[in-house]
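The values are calculated or read from the model by the stated rules, or taken from the named source; none is laboratory data. Fair warning: this is a prediction, and the values are worked out from it, not measured in the lab. Neighbour counts run over all protein chains shown; Cβ positions are idealised from the backbone, glycine included. To get the accessible areas, we keep the full protein, side chains included, count just its heavy atoms, and leave off ligands, DNA and RNA. Shrake-Rupley method; radii C 1.70, N 1.55, O 1.52, S 1.80 Å.
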Amino acid sequence: MSDPSGGPATRHTDPVLAHAPGDTRTAMAAFATGPLHVDADRFLAALRGLAQIGGDPQGGITRLGLSAEEGRAREFLQDLAEKAGLTSDIDPAGNLLIRRQDADPHRPVVLFGSHLDTVRQGGWLDGAYGVAAALEALTVLVETGATIDGFEPVAVGFANEEGALVQYPFWGSRAMAGSLDADSEKIVDREGRPAWEHLLSAGGEPERLAEAVWPAGRIAAFLELHIEQGPVLERLGLDIGVVDGIVGRTIFTCEVRGEQQHAGTTPMRDRRDALVSAAQLVARVESLATTLDACSTATVGYLDVSPNTVNTIPGLVRLNAEIRDTDAARIQVGERLLGSMAEHVAQASGVEIDLRVSDRSTPVRTDIGLRSVIANAASSLGLSWQAMPSGAGHDAQIIAARAPIGMIFVPSKGGVSHSPVEDTEERALVAGADVLATTLAALLGGGPVRRFNALPGDEARGLLIDCLGCDGPWIDVVLARRPYWTARSVVTAVCSAVAAAEHSLVIAAANARARAGDTRTSLSPESDLEETRKELVTIACRRLEGWLGA
Ligand code: GLV
Ligand code: MN
Ligand code: MN
């Protein structure tokens, strides 16, 4: 796509993805199905239809999580799903789920989608893009009769990812992953109205929230297609971002309590101005990510000044701050620093500052196997791509606690998001949806890796023993990580499990084999331990690659 004349796309690769052994064969094994294209007109019409829901008179879209508008967006997509011959339902947390008519309820699910809510005066693509594309991709998989082998594809539209109305981001994905705050009564909007009341009026079922949890192992993989929301892809002229990690975030709620007083009669030295102290704190928050470089971003995006009149010294300021980084340790440092900064400002200015952590999400890595399937999908469509981190939070990072995740980015015009001017070229939107559909076709189709995943435990164990020539606890480590998405991820898992295994076990097995005249390796009891282990890993990988890539 980067070269409309049809010449080869510039390929920016991730060294990890590009140079690992078995890459070519992996690509072939994963792509028995070939590239898949969505119906561009139908997809863009759905996306534009969604953008009509929650239009804000002041600009942009205000379709807040757990609001009636979010409910209307679900209904709109349910209608489209029905027209496409799919079935849909809404779980007790307000998540929209779309399935095939003849969906097999016993298969592990490949789940894909994003969220349906927006921030206040947000854009038309953040979240909605990934959900509309998920519906389109599922429609195309069914229409084209793509092989669906072993996993059940399910599209999802999560509720309240942003936390703009009810201050609790990732509501829907947390409900699904079983990580919703047990004390959900305490989750409220800024007026103190509980989330369950909002959920009830938006058609959810607060009393059945526990039923929204998907049991461990039910999700085989989760994929989220999203706009980048930053400038990287556009600046580099790339079509697709293969997300390798998602930032973690800590959100703080803060109250600065000073003294409300007359602005004309109170001498400057007698004041305890809550807004002046809050302003000092705001500047210190920024310094966490600038001069101090403690974390990658630090923001105060919400400030409520009371009483907020021109001739009164503010007595109370409520604010929210948030810090983000891909490294959990740096976020911890940022949290501690902000705590001591708040104490310092309070002591120096005589106000009270109550700073609390109101939400934490941890940084996560995406699954290397899924990354490589996505990258292969982009390449097979002639699209350029690069691995990159996500500075925005996503439902995928919540589902990561339950399943391997993968994320696909498309460029954002001007890098702008959470704004009415958020936009992406139509052809880029369609290209991202094509990558999603092609990735799904690869994950759902048959092939040697799928066969390995589907093998009963004892047969898979037998295969691994045969490949390496010795038994051991490393096999359980490898099997526990199923399903795998590429031959290379199986091989990598075997290599690392064997590398972590007891040397003595590996050596004993190798020597027993050598004594029994096994000619696969010429190990002797005198062999160097490290060399022996390396040799065993090489033999195992070669054999596994042969089996999986055949
Ligand atoms: C989600 O949109 C975020 O704030 O990162
Ligand atoms: Mn957002
Ligand atoms: Mn989003």
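Worth pointing out:
- Spin-label model distance (nm) - residue 340 vs residue 471, 7 Å beyond Cα toward Cβ: 5.6
- Computed from the C-beta positions of residue 188 and residue 268 and an R0 of 25 Å, the FRET efficiency is 0.10 to the nearest 0.05.
- Listed values for region 476-481 are Karplus-derived 3J(HN,Hα) couplings in whole Hz (6.51 cos²θ - 1.76 cosθ + 1.60, θ = phi - 60°), namely 5, 4, 5, 5, 5, 8, and x replaces Gly and Pro.
- Amide H within-cut-off set for residue 152, under 5 Å, with H built and near neighbours excluded: 109, 110
- log10 of Debye I(q)/I(0), alpha-carbon scatterers only, for the chain at 0.07, 0.10 Å⁻¹: -0.47, -0.87
- Applying 1/(1 + (r/R0)^6) with R0 = 56 Å to the Cβ-Cβ distance of residue 451 and residue 419 gives a FRET efficiency near 0.75.
- Value at 222 nm in deg cm²/dmol, rounded to 500, when DSSP H runs of n ≥ 4 in the chain each add -39,500 (n - 2.57): -12500 deg cm²/dmol
- Across all C-alpha atoms in region 368-471, the radius of gyration and Dmax reach 18.3, 61 Å.
- Scattering profile of region 426-504 at q = 0.26 Å⁻¹ [log10 I(q)/I(0), Debye over alpha-carbon scatterers]: -1.24
- Put simply, when 204-210, 260-266 are sorted by average Cβ atoms within 10 angstrom per residue, most first, you get 204-210, 260-266.
- Computed from label points 7 Å out along Cα-Cβ, the spacing between residue 496 and residue 347 is 4.4 nm.
- Near residue 250, once Lys and Arg are set to +1 and Asp and Glu to -1 for all other residues with Cβ below 10 Å from its Cβ, the sum equals -1.
- For region 217-313, the Cβ-based charge dipole about the Cα centre amounts to some 380 debye (Lys, Arg positive; Asp, Glu negative; other atoms uncharged).
- Dipole magnitude for the chain: about 840 debye, using +1 per Lys or Arg Cβ and -1 per Asp or Glu Cβ, origin at the Cα centre.
- Of all accessible heavy-atom area on the chain, the percent that carbon and sulfur account for (1.4 Å): 52
- Order by protection proxy (mean Cβ within 10 Å, highest first), peptides 377-390, 417-430: 377-390, 417-430
- Normalised per residue, the volume of the convex hull around the Cα set of region 95-248 (Å³): 152
- Other-chain or far-sequence residues with amide H under 5 Å of residue 390's (modelled H): 244, 245, 246, 247
- Kirkwood hydrodynamic radius (C-alpha pairs) into Stokes-Einstein, region 164-280, 37 °C and 0.692 mPa s, D in µm²/s: 171
- Under the span-like rule (Cα at least 30 Å along the axis, Kyte-Doolittle mean at least -0.5), DSSP H helices of the chain: 328-349
- Across region 105-121, rounded Karplus estimates of 3J(HN,Hα) from the backbone phi angles (6.51 cos²θ - 1.76 cosθ + 1.60, θ = phi - 60°) give x, 8, 7, x, 9, 8, 9, 8, x, 7, 10, 9, 8, 10, 7, 5, 6 Hz, Gly and Pro being marked x.
- Gain in span if fully extended, residue 292 to residue 143, counting 0.36 nm per residue against the direct Cα distance: 48.2 nm
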